[in-house]
Amino acid sequence: MVEETNIATISMSQQFSAALKRDLLLSFRRKSDLFNPLIFFLMVATLFPLGVSPEPTFLADVAPGVVWVAALLATLLSLDGMFRSDYDDGTLEQMLLSPQPLMIVCLAKTLAHWMTTGLPLTLMSPLLGVMLFLPSDAMLGLVLSLLIGTPTLSFIGAIGAALTVGLKKGGILISLLVLPLYIPVLIFGSGAVQAAVAGLPIGGYLALLGAGLALGFVLAPLATSAAVRVSVSG
Amino acid sequence: MNPKRKQRLALVLLLVVGVSVAVGLALYALNQNINLFYSPTQIVGGEAPKDTRIRAGGMVVEGSVKRDQESLRVQFAMTDYAEEVLVEYTGILPDLFREGQGIVAQGAIDGNGVFQAVEVLAKHDENYMPPEVAEALEAAGKMPKPAEEVFNK
Amino acid sequence: MSKPLLAVTDLFCEREERILFDGLAFSLKQGEVMQIEGRNGSGKTTLLRILSGLSAQYEGSIEWRGESVDNVRDEFLADLLYFGHQPGVKGMLTPQENLRWYCALHPALQRSKIDEALGVVGLTGYEDVPCHSLSAGQNRRVSLARLYMNQAPLWILDEPFTAIDKKGVAAMEQLLLDHAQRGGSVILTTHHDLAAQQGVVKVNLDSF
Amino acid sequence: MPEKKWMPRWFYQLASPKWCYQITGKLLPIFAWLALLCLGVGIVWALAFAPPDYQQGNSFRIMYLHVPAAILAQSCYMLMAIAGAIGLIWKMKVADMAAFAAAPIGASMAVLALATGAIWGKPTWGSWWVWDARLTSMLILLFLYLGVMALYAAMENPNTAAKAASILSLVGLVNIPIIKYSVEWWNTLHQPATFKLTEKPAMPVEMWLPLLIMVIGFYCFFAVSLMMRLRNEILRREKRASWVRELIVSQ
């Protein structure tokens with residue numbers, strides 16, 4: 001005899017860690033996913049001295065903005081893959097059919113995305129800082145601002161990726177949807193680095209980035225899961 | 001409580017916690033001077049960093065504007081009715097620039113404590129009035145002056 | 001007579017300005033196997049997606065154990081096993097890892113039965129091979145192994161026999177009949193002629 | 001989403017495309033005349049009779065276009081997002097259509113606000129474009145509109161497109177407070193909100209009254225264009241419905 005109702009025996013935290021492990025495992029199996037954004041990050045930063053001026057004082061001036069813009073673009077580039085491959089092979093629709101809230105999986109996927117793009121970018125940023133003659137006093141500010149700011153980029157980006165996953169050419173559309181929402185993060189992020197360069201306290205900027213992160217953490221998975229449902233049902 | 005209700009409750013709690021953390025952090029941030037905007041009092045008091053790009057705002061002191069005859073160089077004093085700071089600027093000033101007008105300047109403080117502006121913008125106040133009214137007010141000495149606290153943020 | 005497990009009334013679906021079905025009605029009882037028939041493009045896959053809750057592009061009512069499925073979504077999903085048009089297998093993961101992930105998603109799947117299920121579908125020895133190096137049929141078998149791991153009251157299967165060899169199909173058919181025997185219900189689409197004609201209810205979409 | 005039945009009756013009536021089509025048909029001429037009247041009176045008053053500003057002279061008159069356009073660009077976004085939310089929660093088709101109809105109108109208002117802002121900025125601040133908080137926020141608002149419109153355009157199924165765009169506009173709604181409070185945040189030179197409903201405006205009556213009339217006129221104009229677009233959209237999406245067929249046959 002078949003049981004009347006299967007009682008949910010998996011807790012939300014178990015599902016969360018399973019989803020996180022799965023996505024991390026997938027990124028590590030596909031090394032290019034892991035390294036391409038980093039290489040892109042490096043290349044974009046190289047373009048500025050070549051395209052504008054190799055003058056150290058000038059580069060030091062623009063470094064906070066350049067590193068932040070490069071990090072933002074590298075994140076943007078990696079967004080399309082967040083749900084795309086799961087959508088293509090049908091695993092995404094299976095996630096929708098879990099009796100557990102989809103939000104949990106979305107949160108885990110977003111965090112996995114950050115751990116494989118935002119976090120490596122943050123760790124690599126001092127290298128770019130050196131290349132762009134960013135004063136060494138400002139390195140800590142750069143790393144801290146990226147550490148708090150890049151998860152927000154992943155959270156916002158996840159919404160865009162989820163909205164466009166059902167479309168064949170989602171890549172450019174993601175940028176259109178997500179970039180305007182990234183602007184506040186960019187402003188406060190590069191502002192923090194600029195303040196660090198000037199030797200000013202950066203607590204206020206980091207607090208604002210943190211506020212954005214807190215909002216993103218609680219609101220973005222909601223929007224992302226709703227968007228995934230819409231995209232898969234279309 | 002059934003698991004569904006529990007989930008909802010957890011979600012609502014999470015939302016409340018997240019939003020309050022965000023609000024708390026934002027309030028903390030607003031208490032910091034994060035716009036790099038300084039008043040003449042702060043500049044004279046040494047609060048503003050030297051040789052870094054900052055923004056400063058104040059009123060142009062009456063009779064302080066000196067224009068260089070050969071170049072576009074202008075020097076004037078800026079005040080918040082407490083302290084004065086000398087400002088130097090090379091370039092075309094906006095139409096609304098005049099003595100007694102509120103301005104916002106971007107630039108850096110040099111070694112002599114003079115504000116070297118790279119940009120001067122007129123901050124026009126929100127009092128719109130016809131010219132006759134302005135003349136009458138001027139004559140009576142009742143022309144509204146921008147509140148001091150505007151420059152003491 | 002007990003109330004039906006799944007009751008569909010007056011279902012209407014339109015896709016790209018074309019009406020796929022209108023006024024579709026049927027009900028599925030416990031222990032029933034239902035085959036959805038129809039030409040290519042008649043909306044079989046769409047219907048299965050609607051029934052499973054993946055698509056909301058319909059009008060009409062779907063009731064699960066006598067209640068609107070929208071109101072009992074979680075209970076419904078806990079009782080459902082869906083095999084979609086896409087097998088839902090990650091190429092970068094091994095069969096075992098794929099099934100473990102399914103177990104994390106779905107409490108009805110029994111983790112302890114993974115190895116046994118892989119054995120039954122003929123994938124012994126492939127447990128640690130990434131799925132992208134397996135054949136299409138083997139990939140579908142990975143996903144079908146889920147059928148051996150759970151007792152969910154409702155199975156919705158979209159073309160489960162595609163790319164499966166004859167022997168495999170016979171075993172699968174037997175599995176479906178066994179499931180029905182135990183009181184489970186199955187809705188499936190297939191172009192394959194089912195050997196067992198008895199006890200299979202047919203719904204033809206061309207007539208709606 | 002479970003269907004809820006606790007909203008007032010008119011709310012559900014509004015959900016009927018047919019009822020909505022009929023009621024907007026009746027309201028349309030009223031708003032059209034109101035818009036014409038307000039805009040006509042407002043423009044003549046603002047351009048010819050309102051006194052010039054003592055500092056800015058006549059250039060301040062562009063405010064009579066700039067301020068209403070900016071206000072409308074923001075409230076249109078609110079409307080779009082709220083309509084989208086209603087469409088998402090109560091699965092109300094008309095709300096989806098209203099959100100769809102509002103997007104391009106809001107975008108054009110944002111463009112108008114930016115353009116008039118630039119023209120106003122030249123004599124006032126000395127440059128066409130100033131990267132101040134309000135102008136930048138308005139630009140971001142325009143980008144948000146463009147994103148929503150791009151999403152509508154990219155999706156073939158109108159129902160899916162409506163849902164996706166609603167989610168996006170709700171997410172974008174988080175940006176509205178940033179726009180509102182950006183003046184305080186970045187303390188820039190753009191004047192504080194010229195028109196506050198709670199305080200006495202810092203303008204004499206003969207200056208702000210035409211502004212008020214212009215704002216009302218813009219709202220009426222917005223209502224007119226929204227209703228016209230909505231009616232088109234209703235007909236397009238409901239073309240299978242019998243009442244639409246009858247309507248077309250009778251014309």
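Values quoted throughout were computed directly from the atomic coordinates according to the rules given, and no laboratory measurement underlies them. Treat the numbers as computed from the prediction; the structure is a model and nothing was measured. Using ideal geometry, Cβ is built from the backbone for each residue, glycine included, and neighbour counts are taken over all protein chains shown.
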Per-bin percent of Cα-Cα distances, the protein assembly as shown [20 Å]: 13, 39, 31, 14, 3, 0
Just rank A:Lys109, D:Lys122, C:Lys113, fewest to most, by other beta-carbon atoms within 10 angstrom. D:Lys122, C:Lys113, A:Lys109
Loop sites in the stretch B:1-87: GluC sites (Glu not before Pro), DSSP, at most 13 other Cβ within 10 Å: B:Glu47, B:Glu62, B:Glu70
If the cut-off is 13 Å between C-alpha atoms, which aspartates and glutamates fall inside it for A:Lys31, apart from same-chain ones fewer than 8 positions away? A:Asp23
For chain C, what is the percent of antiparallel DSSP beta bridges, rounded to the nearest 5? 45
Please give the average number of partner chain Cβ atoms lying within 10 Å of the Cβ of each residue in A:193-200, rounded to a whole number. 4
Cα Rg, Dmax (largest Cα-Cα span) when computed across the stretch B:37-122, Å: 11.7, 35
Give me the percent of DSSP beta bridges within the protein assembly as shown that run antiparallel, rounded to the nearest 5. 65
Around C:Gly43 (Cβ within 15 Å, Cβ-to-Cβ, excluding C:Gly43; K/R +1, D/E -1) the net charge comes to -4
With Rh as the Kirkwood radius over Cα pairs, the stretch C:67-200 has Rg/Rh of 0.96
With θ taken as phi - 60° and the coefficients 6.51, -1.76 and 1.60, list the Karplus ³J(HN,Hα) couplings across the stretch D:148-155 in order, rounded to whole Hz; mark glycine and proline as x. 4, 5, 5, 5, 4, 5, 7, 9
Applying a 10 Å radius around every beta-carbon, put D:231-242, C:117-128 in order of their mean neighbour count, most first. C:117-128, D:231-242
17 Å tail of the calculated P(r), the stretch A:29-122, as % of Cα pairs: 59
In deg cm²/dmol, rounded to the nearest 500, the helical mean residue ellipticity at 222 nm of chain C, built from -39500 (n - 2.57) for every DSSP H run of length 4 or more, is -8000 deg cm²/dmol
Projected convex hull area of the stretch C:1-138, Cα atoms, direction-averaged, in nm², equals 10.4
Value of Rg/Rh across the stretch A:73-230 [Cα atoms, Kirkwood radius]: 1.02
Average partner chain C-beta neighbours within 10 Å, per residue of A:212-220? 6
Could you give each residue of the stretch A:24-37 its phi-based ³J(HN,Hα) in whole Hz, using Karplus coefficients 6.51, -1.76, 1.60 with θ = phi - 60°, and x for Gly or Pro? 5, 4, 4, 5, 6, 6, 9, 4, 4, 4, 7, 9, 4, x
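Tell me the mean residue ellipticity at 222 nm calculated for chain A from its helices only (DSSP H runs of n ≥ 4, each -39500 (n - 2.57), averaged over every residue, nearest 500).
Per the formula, -27500 deg cm²/dmol.
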Label-point separation (nm) for C:Val129 and C:Lys167, each offset 7 Å from Cα along Cα-to-Cβ? 1.5
Taking loop as defined by DSSP and a crowding limit of 14 other beta carbons within 10 Å, which trypsin sites (Lys or Arg not before Pro) in the stretch B:62-120 fit? B:Arg98
Given the pairs C:Lys3/D:Lys93; A:Lys168/D:Lys18; C:Lys29/C:Lys113; C:Lys166/C:Lys202, which are separated by over 24 angstrom at their Cα positions? C:Lys3/D:Lys93; A:Lys168/D:Lys18; C:Lys29/C:Lys113
Can you give me the distance in nm between label points at A:Leu42 and D:Ser250, each placed 7 Å from the Cα along the Cα-to-Cβ direction? 7.2
